[in-house]
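Below: one structure, written as structure tokens.
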Amino acid sequence: MIQKTVLIAGCSSGIGLALAIKLAKDNEKRFMVYATMRNLDKRRDLVEASGNTLGKTLDIKQLDVYREQSIQDCVNISNAGMGMIGSIECQTLEEMKAVVDTNFFGLVRLLKEIFPDMKKRKRGQIVVISSVLGIQGILFNDIYAASKFAVEGFCEGLAIQVLKFKLKISLIEPDPVVTGFEKKVFAGGSKIDLSAADKETADMFTNIYFRNYKEIFSSLGQSANEVAESCMFSTVLILKLSENHRAMVVEARLNAKRKHVTQNKMKPENVLFRNDEEHERKNRRFGLDFK
């Protein structure tokens with residue numbers, strides 16, 4: 001197997017870090033991983049976890065999805081993200097725009113830059129780490145959920161367009177994940193000024209949502225390694241299917257929390273290619289035929 005090049009955004013901690021290490025330490029050395037982050041001063045944890053892979057199957061680069069020039073300097077896995085909780089009356093438009101700009105337009109900038117070359121080569125896979133909140137919104141996560149819903153629609157539309165170029169787009173939508181990301185969101189929520197909200201909304205946020213926030217994440221949350229395991233499962237399986245010339249269409253909605261996925265109790269085809277007939281029927285409306 002030819003070694004695959006993997007670019008991962010957001011590797012200073014959490015899912016990005018776990019996934020970069022998982023792929024770089026692959027026993028068969030199938031991946032050359034370029035682990036990127038906005039601030040290289042935060043690379044210590046990644047370096048410590050890399051072992052003897054650094055400089056061999058792992059390289060660390062600077063990448064800021066806010067800046068097109070940064071993207072120009074650097075299979076792509078998009079993982080960079082920003083969270084925010086609270087009542088919209090208490091959030092500024094600038095704060096809202098920052099979340100959408102990172103979570104949605106950061107992905108758009110990245111794909112806009114790399115798509116032309118990928119289309120020419122007619123080879124490659126893009127794995128986007130979205131969120132379960134891209135499928136179902138929950139209270140006080142309005143803007144974050146909106147940014148992830150945008151990612152879902154964007155990727156599903158692109159997945160149809162790039163079929164003719166033999167490119168694959170996979171969406172992975174994890175349940176709550178206990179990482180430094182969530183700690184930052186919690187810290188931000190603890191400092192929120194609720195004076196602009198009505199009393200009922202402020203009480204709902206403080207006494208119901210925020211009071212139970214940590215307990216919910218500690219009981220339902222999964223580790224970054226669990227999500228990385230599902231990403232690895234998706235990536236390796238798709239490469240295998242592609243080499244066998246079996247399928248070029250992938251709808252990868254993996255939930256790492258479900259043990260039938262992580263423990264492979266279901267056949268891989270049932271996880272990745274669920275509802276094939278409906279998927280193909282919809283896409284034939286666009287004049288596409290996968291067979």
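The values are calculated or read from the model by the stated rules, or taken from the named source; none is laboratory data. Quick caveat: nothing in here was measured; it's all calculated off a predicted structure. A quick note on method: Cβ atoms are made from the backbone with ideal geometry, for glycine too, and the neighbour counts reach across all protein chains shown.
In the range 134-148 there is at least one residue matching the filter, namely being over 18 Å from MET96 (Cβ atoms) and out of contact with any strand residue (DSSP E or B) (no Cβ under 6 Å at 6 or more places or on another chain).
Residues that are at pLDDT 85 or above and of a type in the set (D, E, K, R) within the range 189-216 comprise ASP193, ASP198, LYS199, GLU200, ASP203, listed in sequence order. Condition test on ASP142, is it buried (at least 16 other Cβ atoms within 10 Å of the Cβ), under 24 Å from GLY14 (Cβ atoms) and in contact with a Leu (Cβ under 7 Å, 6 or more places away or on another chain)? The answer is no for ASP142. Could you look through the range 1-12, keep only residues that are part of a loop (DSSP other than H, G, I, E, B) and at pLDDT 85 or above, and pick out the one that is surrounded by the most Cβ atoms within 10 Å (Cβ to Cβ)? Out of the qualifying residues, it is CYS11. Just one of the listed residues (PHE181, PHE115, PHE165) is over 17 Å from the mean Cα position of the chain (by Cα) and modelled with pLDDT under 90, and it is PHE115. Looking across GLU156, GLU152, one residue alone is under 18 Å from the mean Cα position of the chain (by Cα), modelled with pLDDT of 80 or more and surrounded by fewer than 16 Cβ atoms within 10 Å (Cβ to Cβ). It is GLU156.
Restricting the first residue to the range 125-138 and requiring it to be at negative phi, which pairs with a second residue that is among the aliphatic types (A, V, I, L, M) and part of a strand (DSSP E or B) meet a Cβ separation below 6 Å and a spacing of at least six or different chains? If the second residue must be among the aliphatic types (A, V, I, L, M) and part of a strand (DSSP E or B), the pairs left are ILE126/ILE169; VAL127/ILE77; VAL128/LEU171; ILE129/ILE172; SER130/LEU171. Counting only residues that are outside any helix (DSSP H, G or I), under 18 Å from ALA9 (Cβ atoms) and of a type in the set (D, E, K, R), the range 36-65 holds 5 of them.
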